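Trainee: If you scroll down you'll find the structure; I have some questions about it.
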Amino acid sequence: MDLRLLAAAPSDAEREAIDAVAGAPESNGYRVARSDRDRRHLLLPALRAAQRRVGWVSEGALGYACRRLDVPPADAYGVASFYALLALEERPADVLHVCTDLACRLAGAEVPDGAHESPCLGLCERAPASLRTIAGKEPRELQLPETGPPLPQAGVDGLRLLRRIAAGLDPESLDSYRAHGGYAALARALELGREGVIGEVDASHLLGRGGAAFPTGVKWRAVAGQAAFPHYLVCNADESEPGTFKDRTLMESDPFALVEAMTIAAFATGCEHGFVYVRAEYPLAHARLENAFARARAAGLLGDDVMGAGFAFDVELRIGAGAYVCGEETALFQSIEGYRGEPRNKPPFPVEVGLFGKPTVVNNVETLFNVPEILTGDGSAGTRLFCVSGHVGRPGLYELPLGTPLRELLELAEARPPKAVLLGGAAGSFLRPDQLDLELSFEAARAAGVSLGSGVVLVFDESADLVDAVLRIAEFFRDESCGQCVPCRVGTVRQEEALKRLAAGRGNGDELEVLADLEQVMRDASICGLGQTAASAVKSAIDNLGVLT
Amino acid sequence: MSDVELTIDGLSVRVPEGSTILDACRKLEIATPTLCYADTLKPVNVCRVCVVEVEGSRALVPSCSRKVEPGMAVHTSSPRVRTSRRMVLELLGSSVDLSRADDALRYLEEYGARPGRFGADAATVAKPVKVDNELYVRDYSRCILCYKCVEACGEEYQNTFAIAVAGRGFGAHISTELDVELPESACVYCGNCVAVCPTGALIGKAEFDLREAGTWDESRQEQANTVCPYCGVGCNLTLHVQDGDIVKVTSPDDHDVTRGNLCVKGRFGYQFVQNRSE
């Protein structure tokens, strides 16, 4: 590409940081090396590296990344300005991002001078929480508080997904993982063969745990049968739904299980290369996964000849940069490919045209965690994780059999008598105190017109300000809309405006009608699930709880 | 390639495989509003004003990009479709200056859209007009973010990549690198972005100056087709002439070679024609 590049030069530190991602430059002056073509997918890692080194993305760093990766500067600027955690203005190397989202508000979050407000950091069980990022030669990111309460179900029998964590597994040790039964499922998968594995996943009726509840076996079979190659496996670990922290807990505390599950998925669907896309706000998960990848590679459990069985699979970590929408699978592909996280129109679906235009399996972390359990356990996928936070005595991650009444979960978590429960997160819905007998299963939720979503159960007691919560949800969607399609880009703004008028008692009588119309156009005409659900919780607060009416 | 049969609003229609629902609607002469769609560009399906209802599909689908399938049953004027189209128009009409967007204005009326219902304090994309060069002007208060200019500048036509969408959400906007002015950017002034802009956000400087002076008058303009005098490619030009002066140059969209595109010389290099001796 014949690019006109930015004039500013990078500092030595920025150059070094970007070269560490892009590789050593060839000595061809200012021309772009041929080998640098088609490496646009390294744009986000390169910008992230520069920012971690010097604290922001300067003009020099942006320009140097463009030169190294053959990306037009206007395009790269469009990408950099899309992601909330990339700073295009100089700022101190040490930045505090304070969560002001639903659970942390209930816990009295306060933003000190000089700190940045942040959407949900996925640390709701230890709210109020924040993330500290320190740029430099040895950059660090800290999730604060650094530890949360212990797993509420430690010592409980019958856990599947949380079994090893409850038993005190060492998340950094492959030996410990093996001692807890690790890699027995991959061995069984190799015996069963590809079709056998897909058959068992099918028979388990495993439904995706990211929110959309699509049958995993159907997805796998669709990719396995695609003639186009390569096939890609993507683990969606961009968990950003406010109130959700299940995937973080799994990745931090049992990372080898994700590696094993992905290896089985790759074996079954014919993928040689996998990506785990984790949100930037989860530094401990990054470190634990990188460690697990390295140890699995060293033990021959990833690489050219996995377990000596003659199939190749390796996996790489990709890190987001602050964008809820990148949890939408096609926005996630765009992000990995080095573009703005703008969702693609479907069809075509990822099983046909996915990452880099190839057939792609996308599975959520919790979904994948079910796979080894299906192969070595009783063959069912009968439990689900719930992220309980808010006004409860024992916040944290719970694993329960599907169909358990919500009331039972609230009792386990020692919830205070609720005024409302938010089920499924900001894209979910509010329940009334008289709806707590709801069974936590896909079918019962659907029948009740709600969704389990990503397993969020956020409790608001009598003291809670529900108007504040509804306004925060509206603000969240306004901030997180990618801006691509009109219904969501403008609709989320109009939704917030109408709610604010009502909350301030300045309504002109039309607001509820406007809000209903906005809900309809966003649900019906937005490109992706973000826009389609951007009014869901707001609508339920109005219709079901009578908030602001 | 074989034909695909489907029904639209109860009418049966056959179109070649690979056609879009919009193509099929047009075959049946069902008027379908479009804003971000252009015959000469790949559909980006972002404005959502062309949405239709397809039986069996949970959400509405963009007719401009959705390919027809055998047996598809499409509805183009159900209450759901009309509500979404009206709302898209109200959302745009309340946030963007559409006063020179003729198509959008027509649709607003047709769908009974009331952009004023969001109140006087409704946020808009208003920002100062950018006049930073002698050839064209960017008035992003009129921008509906249809992506056409970005596509035309990028891989669809020009491969210059001088502009992209930057920012996010309601703050998303068309931008050069770091928002620098055009003369500092990679822009080569082909004006192909101006040619595809549906709302008057991008217009030639000559047109801008006449509009500012209150003398731009399309009813007084004539169009003359000719061939570009510069190189040997021979692009077709349409000269827009007002009071004996060329005030704008376009190229026919339906020409197989240029498809509406020109270079800086063809589009803006006409002053020599009208340098008259005093």
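The values are calculated or read from the model by the stated rules, or taken from the named source; none is laboratory data. Model, not experiment: these values are computed from the prediction. Cβ coordinates were reconstructed from backbone atoms using ideal geometry, including for glycine residues, and neighbour counts include every protein chain displayed.
Trainee: Can you name the condition, by its number, that A:Val493 falls short on among (1) more than 13 Å from chain B (Cβ to nearest Cβ); (2) farther than 21 Å from A:Leu545 by Cβ?
Mentor: (1)
Trainee: Only helices (runs of 4 or more DSSP H) wholly contained in the range B:183-278 count here; list those with 2 or more residues that are over 22 Å from B:Leu41 (Cβ atoms) and not assigned by TED's automatic domain parsing to the domain that holds B:Pro33.
Mentor: B:205-213
Trainee: Search the range B:169-197 for residues that are over 14 Å from B:Val137 (Cα atoms) and pair each with any residue that is assigned to a helix (DSSP H, G or I) and of a type in the set (Val, Ile, Thr) when their beta-carbon atoms are under 6 Å apart and the residues are at least 6 apart or on different chains.
Mentor: Taking only residues 6 or more apart or on different chains, the pairs are B:Phe170/A:Val493.
Trainee: Moving on. Name the residue that is nearest to the chain's Cα centre (by Cα), counting only residues in the range B:118-141 that are closer than 19 Å to A:Val514 by Cα and either polar (S, T, N, Q) or surrounded by 17 or more Cβ atoms within 10 Å (Cβ to Cβ) (or both).
Mentor: Applying the filter and picking the extreme gives B:Thr124.
Trainee: OK, next. Quick one: how many residues across the range B:55-79 are away from chain A (no Cβ under 11 Å) and of a type in the set (A, V, I, L, M)?
Mentor: Selection size over the range B:55-79: 4.
Trainee: Hey, any hits in the range A:437-447 for a residue that's aromatic (Phe, Trp, Tyr), in a helix (DSSP H, G or I) and away from chain B (no Cβ under 14 Å)?
Mentor: The answer is yes, given that some residue of the range A:437-447 is aromatic (Phe, Trp, Tyr), in a helix (DSSP H, G or I) and away from chain B (no Cβ under 14 Å).
Trainee: Just to be sure before I move on: is B:Glu5 more than 30 Å from B:Cys193 (Cα to Cα), part of a strand (DSSP E or B) and out of contact with any Asp or Glu (no Cβ under 9 Å at 6 or more places or on another chain) in the structure I sent?
Mentor: Answer is yes for this residue.
Trainee: If you don't mind, another one. State which residue is nearest to A:Pro242 (Cα to Cα) when the search covers only the range A:285-310 and only residues that are surrounded by fewer than 17 Cβ atoms within 10 Å (Cβ to Cβ) and touching a helix residue (DSSP H, G or I) at 6+ places or on another chain (Cβ under 8 Å).
Mentor: Of everything passing the filter in the range A:285-310, A:Asn291 is nearest to A:Pro242 (Cα to Cα).
Trainee: Take the range B:46-93 and flag every residue that is within 19 Å of the chain's Cα centre (by Cα) and polar (S, T, N, Q).
Mentor: B:Ser63, B:Ser65
Trainee: While we're on this one: When you scan the range A:272-292, how many residues do you find that are among the hydrophobic types (A, V, I, L, M, F, W, C) and under 20 Å from A:Glu117 (Cα atoms)?
Mentor: Qualifying residue count for the region: 1.
Trainee: In the range A:307-354, which residues are away from chain B (no Cβ under 13 Å), among the aliphatic types (A, V, I, L, M) and under 26 Å from A:Phe477 (Cβ atoms)?
Mentor: A:Ile319, A:Leu332, A:Ile336
Trainee: Would you tally the residues in the range A:87-119 being out of contact with any Phe, Trp or Tyr (no Cβ under 8 Å at 6 or more places or on another chain) and either at pLDDT below 95 or assigned to a loop (DSSP other than H, G, I, E, B) (or both)?
Mentor: 12
Trainee: Sticking with this one: For A:Ala227, work out the one condition from (1) assigned to a helix (DSSP H, G or I); (2) without any contact (Cβ under 8 Å) to a residue 60 or more places away in the chain it doesn't fulfil.
Mentor: (1)
Trainee: Which of the following residues is within 14 Å of another protein chain (Cβ to nearest Cβ) and touching a His at 6+ places or on another chain (Cβ under 7 Å): B:Gly154, B:Gly167?
Mentor: B:Gly167
Trainee: Among the numbered criteria (1) farther than 15 Å from A:Glu519 by Cα; (2) assigned to a helix (DSSP H, G or I); (3) more than 10 Å from chain A (Cβ to nearest Cβ); (4) not β-branched (Val, Ile, Thr), which one does B:Arg82 miss?
Mentor: Every listed condition holds for B:Arg82 apart from (1).
Trainee: Being of a type outside the set (A, V, I, L, M) and closer than 18 Å to A:Asp75 by Cβ is the filter; apply it to the range B:188-206 and report the residue that is nearest to the other protein chains (Cβ to nearest Cβ).
Mentor: Result: B:Cys193.
Trainee: Quick test of your reading of the structure: A:Lys419 fulfils all but one of (1) surrounded by fewer than 24 Cβ atoms within 10 Å (Cβ to Cβ); (2) modelled with pLDDT under 95; (3) not assigned by TED's automatic domain parsing to the domain that holds A:Ala535. Name the failing condition by number.
Mentor: Every condition holds for A:Lys419 apart from (2).
Trainee: Are any of the residues in the range B:170-187 surrounded by 19 or more Cβ atoms within 10 Å (Cβ to Cβ) and more than 12 Å from every other protein chain (Cβ to nearest Cβ)?
Mentor: No, every residue in the range B:170-187 fails to be surrounded by 19 or more Cβ atoms within 10 Å (Cβ to Cβ) and more than 12 Å from every other protein chain (Cβ to nearest Cβ).
Trainee: Would you mind finding the one in A:Ala237, A:Ala189, A:Ala184 that is surrounded by 23 or more Cβ atoms within 10 Å (Cβ to Cβ), over 25 Å from the mean Cα position of the chain (by Cα) and closer than 29 Å to A:Glu252 by Cα?
Mentor: A:Ala189
Trainee: Can you tell me which residue among A:Ala265, A:Ala222, A:Ala261, A:Ala257 is within 20 Å of A:Ala381 (Cβ to Cβ), in a helix (DSSP H, G or I) and in contact with a Cys (Cβ under 8 Å, 6 or more places away or on another chain)?
Mentor: Testing whether each residue is within 20 Å of A:Ala381 (Cβ to Cβ), in a helix (DSSP H, G or I) and in contact with a Cys (Cβ under 8 Å, 6 or more places away or on another chain) leaves just A:Ala265.
Trainee: Return the only residue of B:Pro33, B:Pro70, B:Pro62, B:Pro43 being modelled with pLDDT under 95 and of a type outside the set (Val, Ile, Thr).
Mentor: B:Pro43
Trainee: Confirm whether A:Ala464 is in contact (Cβ under 8 Å) with a residue 40 or more places away in the chain and over 30 Å from A:Arg248 (Cα atoms).
Mentor: So A:Ala464 does not fit the description; no.
Trainee: Moving on. Pick out, from the range A:318-433, the strands (runs of 3 or more DSSP E) lying fully within it that include 2 or more residues that are in contact with a Ser or Thr (Cβ under 7 Å, 6 or more places away or on another chain).
Mentor: It comes to A:360-364, A:396-401, A:429-431.
Trainee: So A:Tyr398 fits all but one of (1) within 25 Å of A:Ala321 (Cα to Cα); (2) buried (at least 24 other Cβ atoms within 10 Å of the Cβ); (3) of a type in the set (Phe, Trp, Tyr); what number is the exception?
Mentor: A:Tyr398 satisfies every listed condition except (1).
Trainee: Among the numbered criteria (1) surrounded by fewer than 23 Cβ atoms within 10 Å (Cβ to Cβ); (2) under 30 Å from B:Trp216 (Cβ atoms); (3) not charged (D, E, K, R), which one does B:Val96 miss?
Mentor: (1)
Trainee: For the range B:143-150, does any single residue satisfy the condition of being of a type in the set (Ser, Thr, Tyr), within 13 Å of chain A (Cβ to nearest Cβ) and either over 19 Å from B:Cys263 (Cα atoms) or surrounded by 17 or more Cβ atoms within 10 Å (Cβ to Cβ) (or both)?
Mentor: Yes.
Trainee: Exactly one condition in (1) under 21 Å from the mean Cα position of the chain (by Cα); (2) within 17 Å of A:Pro242 (Cβ to Cβ) is not met by A:His391; state its number.
Mentor: (1)
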